[in-house]
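Below: one structure, written as structure tokens.
The values are calculated or read from the model by the stated rules, or taken from the named source; none is laboratory data. This is a predicted model, so every value here is computed, not measured. Quick reminder, even Gly has a Cβ in these numbers, built from the backbone with ideal geometry, and neighbours come from all protein chains shown. These area figures cover heavy atoms from the full protein model, side chains too; ligands, DNA and RNA do not enter into them. Shrake-Rupley method; radii C 1.70, N 1.55, O 1.52, S 1.80 Å.
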Amino acid sequence: MIDDDPDFVSGIKSILDMGGFEVDVAYNPKDGMQALQTKQYDLLLLDIMMGRGAEGIMIARKLRKDAKLRELPVLIITGMREQIAFLFPGEPVHPRFVEVDELIEKPVEPKLLLEKVNALIKIAEDKKAGKK
């Protein structure tokens with residue numbers, strides 16, 4: 001998980017821990033990218049608004065261009081629409097805005113989070129199994 005809000009990360013991590021998931025956390029994009037390059041993960045939970053702005057978008061775009069990380073499912077968890085509402089005046093995020101697998105808006109319902117995480121991991125596993 002890459003998110004710069006320690007309180008939010010703590011809440012999401014506890015939900016995922018209770019769901020039986022092992023969670024690594026990076027609190028900034030640089031550390032997050034370094035972790036993604038050095039360790040293998042089943043899923044990335046990613047915040048959009050970090051640091052100097054929408055740095056999560058930069059990460060998602062980098063992943064899709066990286067041969068090793070391209071297949072990693074990405075779940076965006078963001079309060080972005082509230083923070084930059086002028087870009088999204090009540091409209092769903094445009095699908096070409098950034099290529100991700102799912103987007104959940106903050107605040108996050110624990111049941112929905114676990115459903116999305118389980119579904120994305122299963123889809124990724126099925127894709128891998130189909131490729132072998």
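Here the Kirkwood formula, the inverse mean of 1/r across different C-alpha pairs, assigns the range 1-62 a hydrodynamic radius of 11.9 Å.
Ranked by solvent-accessible area (1.4 Å probe, protein heavy atoms only, all chains present), the residues Val74, Val108 order from largest to smallest as Val108, Val74.
Could you order Met18, Met49 so the one with the most accessible surface comes first? Probe is 1.4 Å. It would help to have the intermediate numbers written out before the result.
On the way: Met18 165, Met49 40 Å².
The ranking, largest first, comes out as Met18, Met49.
Here the simple spin-label model places points 7 Å from the Cα toward Cβ, and for Lys111 and Gln37 these points are separated by 4.2 nm.
For the pair Phe21 and Asp66 in one chain, pulling the backbone fully straight at 0.36 nm per residue adds 13.7 nm over the alpha carbon distance.
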